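These notes are about the structure you will find just below.
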Amino acid sequence: MAKPNPKGPQQTVNIYCSKCKQQLYKYRKGGKGALVKCFKERIVEDYTSTTAVCPVCQQTFARETLIRGVPAFKIIGGKVYQK
């Protein structure tokens, strides 16, 4: 399968923790669908101190994985929301 475009979309979304409402990432997301995965190369700003763990409530919101050979975070359903 083809790799995602590294430049990616220009539109950014803010990703927040569902439990404590803390901002986690500013991410360049393409399309209108639900947030299922975050490619690491598309993260513009990272507000987390530990990988895929909320800095305030310590909730794990994603798992590290490879998607189409590219490092990404697979989002656990219901743990985050986007604006």
If the only charges are +1 at each Lys and Arg Cβ and -1 at each Asp and Glu Cβ, what is the size of the charge dipole of the stretch 33-83 around the Cα centre, to the nearest 20 debye?
220
Calculating semi-axes √(5λ) of the Cα gyration tensor in Å from this structure picks out, from (i) 21, 20, 10; (ii) 20, 14, 11; (iii) 27, 13, 10, entry (ii)
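We did not get these values from a lab; they are worked out from the coordinates using the rules stated. Predicted model only: the values in this text are computed from it and were never measured. Virtual Cβ from ideal backbone geometry, glycine too; neighbours counted across all protein chains shown.
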